[in-house]
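Report on the following structure.
The values are calculated or read from the model by the stated rules, or taken from the named source; none is laboratory data. The structure presented is a predicted model; accordingly, all values stated were derived computationally and were not measured. With ideal geometry, Cβ positions are generated from the backbone for all residues, glycine too; neighbour counts draw on all protein chains shown. We work out accessible area using only protein heavy atoms, side chains counted, and drop any ligands, DNA or RNA first. Shrake-Rupley method; radii C 1.70, N 1.55, O 1.52, S 1.80 Å.
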Amino acid sequence: MSPVVPPPAVALGVLLPVLVVLAAAAVVLVLDVLPPRDSKAHLGGVALAGIIGALLAIVMRWGTDARAFRDMVLLDTYALYFDLVICYAAALIVMFSMDYLGRTGSESGEYYSLLLFSTAGMMLMASAGDLIVVFLALELMSLSLYVLAGFFKQRLTSGEASMKYFLLGAFASSFLLYGIALIYGATGSTNLDRIAAAAATRNAEPMVLIGLAMMLVGFGFKISSVPFHMWAPDVYEGAPTSVTAFIATGSKAAAFAAMIRVLVVALRGAQPDWSALLWALAALTMTVGNVVALAQSNLKRLLAYSSIAHVGYMLMGLVAGGGPGPGAVLFYLLAYTFTTVGAFGAIALCARAGEEAVEVSDYAGLARRHPVLAATLALFFLSLIGIPPLAGFVAKFYLFGAAVRAGYIWLTVIAVLNSAVAAYYYLRVIVYMYMREPDGEPVAVAPSLAGGLALTLAVAGIVILGLMPAPFADLAQVAVAPLLR
Amino acid sequence: MSTVWLIPAFPLAGALTNIFFGRSTGHRAHWIAVPALGASFLFACAVAARVWSGAPFTTTLGAWIVAGDFETGITAYVDNLSAVMLLVVTGVGFLIHLYSVGYMHGDPGYARFFAYLNLFVFSMTMLVLAGNFLLLYVFWEAVGLCSYLLIGFWYTRDSAANAGKKAFIVNRVGDFGFGLGVMWLWTELGTLDYAAVFKGAATLSPATATGIALLLFMGACGKSAQLPLHTWLPDAMEGPTPVSALIHAATMVTAGVYMVARSHALFERSGSALEVVAWVGTATAVFAATIGLVQTDIKRVLAYSTISQLGYMFAAVGVGAYVAGIFHLVTHAFFKALLFLGAGSVIHGLHGEQDLRKMGGLASKMPITATTMWIGGLGLAGAPLLAGFFSKDEILGAALGTEHLGIFTLLLAGAFMTAFYTFRLLFLAFSGAPRMPRDVLQQAHESPWVMTGPLLMLSVLTVVAGFALGLPLDGSRFAHLLASVFHPHEGEHASVVVLLSLVVFGAGGLLAFYMYRQSAVKPEAIGQPRTWVHALLLNAWYVDWIYDRLIVQPIYVLSVALAQVFDVGVIDGIVNGLGRAVSAWGAGLRRLQTGYVVNYALTMLAGAVVVVAFFLAR
């Protein structure tokens, strides 16, 4: 008779931030069917309250290093840092959504509860200490996002985006799952620490390496690294803009969280192998992202390629597999999230002739009519370029500095050249806003209180990060330090 | 958090309010700007009282830049020297703000003016408070920016816009050196904090210390308008007169003196750097005084006088008499601000007339202005028992005491010229028969109380400051106050110094009396070069002309050549070519994005195959 396996200890405290979000999602679902049936405006407020509750839980739990469910779920500073980034993005996106959906008349309970479910999935990804949890959390996040991408049911492009995202996402998930299976086969465990212990003796085994390759394909899809990026522009363009913002920030942050933990903790033994691959992926991703962005006329597609390019920069920080690089990536994610959510949010506020204003030419002369919004959007673009004193500059500075210190001079040179290329397409939008005369019907902007507040928060974020980066950079380094030991 | 930060915080808040809400504050802008300065002054008094009765202290607002092994904070260092500077900046600043209410009344840029003025006081107090060289450098630049903005305040006037640019560019030359000095300091000592730097100065080799000190002094030459970077200050008189009084006489231009005195440990380590400071100061003092002898614009006389008096301050710190230098800085702030504000009052009363040749006989029309300006003028000229007498004598005494006979002689000659040009100005403006057109004369009027009030306050300070701070002659109260900052220097208050300075004061005054009061003034004769010496002085020794031919024109010609040939042809050609190539590449790659899911999936699969192959091939 096999020995009796004791039931795992239930320590819900470790899941507290995730549970708060899930509870809020459930409340939203229930409230959705209760009166008032014709107005759903209050549901956004409930969702926002849930996220704020989760933020409080995160702050409360700060500094703990707890693990539960047989080390399947970890609540360490690393997870909490990502929870913070994800919840921040989610909060801003809920605020933008209240404005955006209210205007298109499509506010509903499902939207907010799905948003919360995917948030919970993202947070769980950051907490995953086991490959099974990584996969489950990733699916929870992804399935919710597939639906959200197609949320504008009457709009053909929205359905197309959802379908493409789902099909390719399922394809990528199968790679990930296959990789997990191979790793399990080679090491006999799905727990990250035990994989590390087992793999230490059998690094070069082909089964581990093929498993690693498969998992990288899966993660590469989620972070939209070249050549697994092709879904991104189509999905970003078709999905509702608020959902696009979440896909571009939250899901990327979560995928990075899981990927860094898997690579650095479980597969550290194979570091020379994945370093070389990440070098190539980083160079390829940033170059393709930036170069193709040059040829875009649709603002959402432009931002899609721009976000691909930013992933390229972030991969650069992981190439060394240690040192200040991973911390710089965490900081970069924070700065990137602040900026990108803000940029998509600002775009979501603009409409032209009843349609969303998404063509670059729609923004001609915006500064004349809406100087504040144009200035805000310009600030986000300047931060994406990396102009001081905004967040994007400091983030790039830390990241490039870390790469140089790790000895990757050529990769840094490629990144700097790429940054120069990137300045062109971002500045083009600013040129349109400030130096071109508007033609045809002007862009209408009607930000509500929630939208205005969210924009203010995002601007404050990039300015504060840019002017006083030190405390946040320290936070990022402290968060990632235990993993690198 | 220390209350120290409130001193700059009030003017900053005032500046931000008037920048962002200038449209609504409009002609009421002073209700924000003036009380902000008042509050700032009160807190400066509180901080000064605390430091004088206690010990110097350091307070940090937070970490500022942390990059690798470079770390610096937003730190204030407050000792008796910074307290004195704070009182001068906020106190004189307050009076000048008050005066501006009357002087700038009705100007379309009223709110903007007060916003800039507040911003300047914020920057200047931060400069004084800074506890490390980097913060000092940042606000060193910030006061330069404010100076630029205020010189070009009436930017629609070409001459004002050009003067602003000139001030900025000439200062860049000095600040380039200053920046290099700061960097060199860091590479040598690994820190920029005052305490650590001044302690570490002893470990520097004298040659290194000389290099660093001279680079820092380059910055001081720019900011304090010393030879050879003095040319911007006379042109800066294009700004409104309160600006000339506050920035270009009382406070900003003295930043260089403050910096050298503050860094005296570094300059002393070098030794020869101090000699350079002393000689540059002396040369400037005499050089500028000679030009002041013949100027016909009332503000330009005062501008050259300011350059000259700054030279005295540098001469003082150069011979190691830091207390004397700072003392002269303080008294000069009082009487020169007074003279500028008085000149502004005259200009205001004459509807913009600045030419001394078209003034005269104003004493009866503007009694308060005339009286207070006479007091300020006597203070500047070194009349016995007024502020300038004490501080200038201390400088002369120090030069003699440290056996710098050449410097002593030159400064004495400078004092003679100072007395002459000051009395000349006063006689030409206030005595004799009026020389302005009849309608201007009839409309000439005394200024309102907001303008005369500050004049009276500054006159009181000019009269009292000498007694209050300069006595007793051997070891004054002021020296006692700064004893914790500077070790005592060898001063000589030999009666011979007092006697000689009284003689040159009297001689200068009498000569001016003979030339401009006794004999009838022939306005058409003034300002007409009669001899080559006169022409040389009228043209300010042709320095601007020489700079223009030697530096500006060649650089301009070179720039045009580079811009039109090299930049357009080579650089733009490469950039545009590369840009086109990359864009074409992007357009090509874009075609891969077909929109078909199958293609996307196949790409992914191909990617996966490559990744696996990559791993297995290693």
| message | If the reach is capped at under 12 angstrom between alpha carbons, list the aspartates and glutamates near B:Lys165, excluding any in the same chain fewer than eight residues apart. | response | B:Asp235, B:Glu238
| Values of log10 I(q)/I(0), in the order q = 0.09, 0.11, 0.12 Å⁻¹, for chain B under a Debye, Cα-only, solvent-free model | -0.72, -1.03, -1.22
| message | Among B:540-553, B:144-157, how do they line up by average Cβ neighbours within 10 Å per residue, starting with the highest? | response | B:144-157, B:540-553
| Pairwise label distance in nanometres, B:Glu403 with B:Gln553, each label 7 Å out on the Cα-Cβ vector | 4.8 nm
| note | Relative to chain A, whose Cα atoms define the longest principal axis, helix A:391-405 and its Cα axis are tilted in degrees, nearest 10, by 30 degrees
| task | Relative to the longest principal axis of the C-alpha atoms of chain A, give the angle of the C-alpha long axis of helix A:131-149, reported between 0 and 90° and rounded to the nearest 10°. | result | 20 degrees
| query | Is it possible to state the helix-based mean residue ellipticity at 222 nm for chain A, with each DSSP H run of 4+ residues giving -39500 (n - 2.57), the sum divided by total residues, to the nearest 500 deg cm²/dmol? What is it? | reply | -24500 deg cm²/dmol
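What pairs from B:Lys336/B:Lys522; B:Lys336/B:Lys392; A:Lys153/A:Lys252 go past 18 Å between their alpha carbons?
Numbers: B:Lys336/B:Lys522 28 Å; B:Lys336/B:Lys392 14 Å; A:Lys153/A:Lys252 25 Å.
Over 18 Å apart, Cα to Cα: B:Lys336/B:Lys522; A:Lys153/A:Lys252.
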| query | So, with a 1.4 angstrom probe, what is the percent of accessible area on the protein assembly as shown that is carbon and sulfur? | reply | 70 percent
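Would you work out the charge dipole size for chain A about its Cα centre, treating the Cβ of every Lys and Arg as +1 and the Cβ of every Asp and Glu as -1, and quote it to the nearest 20 debye?
Numbers: 25 positive and 25 negative charges, 105 e Å.
For this selection, approximately 500 debye.
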| request: Give me the Kirkwood hydrodynamic radius of the protein assembly as shown, using the inverse of the mean 1/r over all pairs of distinct Cα atoms, in Å to one decimal. | output: 33.3 Å
| said: Calculate the FRET efficiency for B:Ala265 and A:Arg369 from the Cβ-Cβ distance with a Förster distance of 41 Å, rounded to the nearest 0.05. | reply: 0.10
| task | Report the percentage of all Cα-Cα pairs in the range A:210-268 whose separation exceeds 13 Å, rounded to a whole percent. | result | 63 percent
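Enter the mean number of other protein chain beta carbons within 10 Å of the beta carbon of each residue in B:322-328, as an integer. Could the numbers behind the result be given before it?
Values: counts 0, 0, 0, 0, 0, 0, 0.
Mean number of neighbouring Cβ atoms from other chains: 0.
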| Over the range A:12-484, relative contact order from alpha-carbon pairs under 8 Å, at least 6 apart, % | 15 percent
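So if each residue of separation counts as 0.36 nm, and I subtract the Cα-Cα distance between B:Trp154 and B:Leu510, what length gain in nm does that give? Mind dumping the intermediate values first?
Numbers: separation 356, 0.36 × 356 = 128.16 nm, distance 3.95 nm.
Net length gain for the segment: 124.2 nm.
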| said: Not counting ligands, DNA or RNA, and with a 1.4 Å probe, what is A:Lys153's accessible surface area in Å² rounded to the nearest 10? | reply: 150 Å²
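Calculate the mean, over all residues of peptide B:587-595, of how many other protein chain Cβ atoms lie within 10 angstrom of the residue's Cβ.
Numbers: counts 4, 3, 7, 9, 2, 4, 9, 1, 5.
Across the residues of B:587-595, the mean count of other-chain Cβ atoms within 10 Å is 5.
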| How much mean residue ellipticity at 222 nm does chain B get from its helices, if each DSSP H run of length 4 or more adds -39500 (n - 2.57) and you divide by all residues, to the nearest 500 deg cm²/dmol? | -22500 deg cm²/dmol
| task | Mind listing, in residue-number order, the residues in the range A:142-175 that have at least 10 Å² less accessible area with every protein chain present than in their own chain alone (1.4 Å probe)? | result | A:Lys164, A:Leu167, A:Leu168, A:Phe171, A:Phe175
| task | Round to the nearest 0.05 the FRET efficiency obtained for B:Ile571 and B:Asp297 when R0 = 51 Å and r is the Cβ-Cβ distance. | result | 0.70
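For A:Ala481 and A:Met60, what is the calculated FRET efficiency with R₀ set at 22 Å and r taken between the beta-carbons, to the nearest 0.05? Could the numbers behind the result be given before it?
Values: r = 22 Å, r/R0 = 0.98.
It comes to 0.55.
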| task | Could you work out, for the range A:184-242, what percent of all Cα-Cα pairs fall into each 5 Å distance bin, beginning at 0 Å and stopping at the bin that holds the largest distance? | result | 4, 17, 19, 16, 11, 11, 8, 8, 6, 1
| note | On protein heavy atoms with a 1.4 Å probe, the accessible surface that disappears when A meets B, both sides summed and given to 100 Å², is 2900 Å²
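Among A:319-328, B:277-286, what's the highest-first ranking by average C-beta atoms within 10 angstrom per residue? It would help to have the intermediate numbers written out before the result.
Details: A:319-328: 22.5, B:277-286: 24.4.
Answer by packing, highest mean first, reads B:277-286, A:319-328.
Please report, largest first and rounded to whole Å, the three semi-axes of the ellipsoid equivalent to the range A:12-484, where each semi-axis is the square root of five times an eigenvalue of the C-alpha gyration tensor.
The three semi-axes for the range A:12-484 are 33, 26, 20 Å.
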| Each label point is 7 Å from the Cα along the Cα-to-Cβ direction; what then is the distance between the points at A:Asp474 and B:Arg580, in nm? | 5.3 nm
| Counting only Cα, what are the radius of gyration and maximum Cα-Cα distance Dmax of the range B:496-618, in Å? | 38.8, 106
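Residue by residue through A:254-263, how many Cβ atoms from other chains fall within 10 Å of the Cβ on average?
Details: counts 0, 0, 0, 0, 0, 0, 0, 0, 0, 0.
If you average over the peptide's residues, the count of other-chain Cβ atoms is 0.
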| note | Nearest 10, in degrees from 0 to 90: the angle of helix B:449-470 to the longest Cα principal axis of chain B is 80 degrees
| task | Quote the charge dipole size of the range A:331-485 about the Cα centre in Debye, to the nearest 20; the model charges only the Cβ of Lys and Arg (+1) and of Asp and Glu (-1). | result | 520 debye
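If you count only protein heavy atoms with a 1.4 Å probe, what accessible area per residue comes out for the range A:12-484, rounded to a whole Å²?
Details: 15170 Å² over 473 residues.
Value returned for the range A:12-484: 32 Å² of accessible area per residue.
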| remark: Computed on Cα atoms, the radius of gyration and Dmax of the range A:1-145 in angstrom are 16.7, 64
| query | Using alpha carbon centroids, what distance separates the range B:146-206 and the range A:123-168, in Å? | reply | 56 Å
| field | aspartates and glutamates whose Cα lies under 19 Å from that of A:Lys300, excluding same-chain neighbours fewer than 8 positions away | value | A:Asp99, A:Glu160, A:Asp234, A:Glu237, A:Glu355, A:Glu356, A:Glu359, A:Asp362
| said: With every protein chain left in place and a probe of 1.4 Å, what is the accessible surface of A:Val431, to the nearest 10 Å²? | reply: 50 Å²
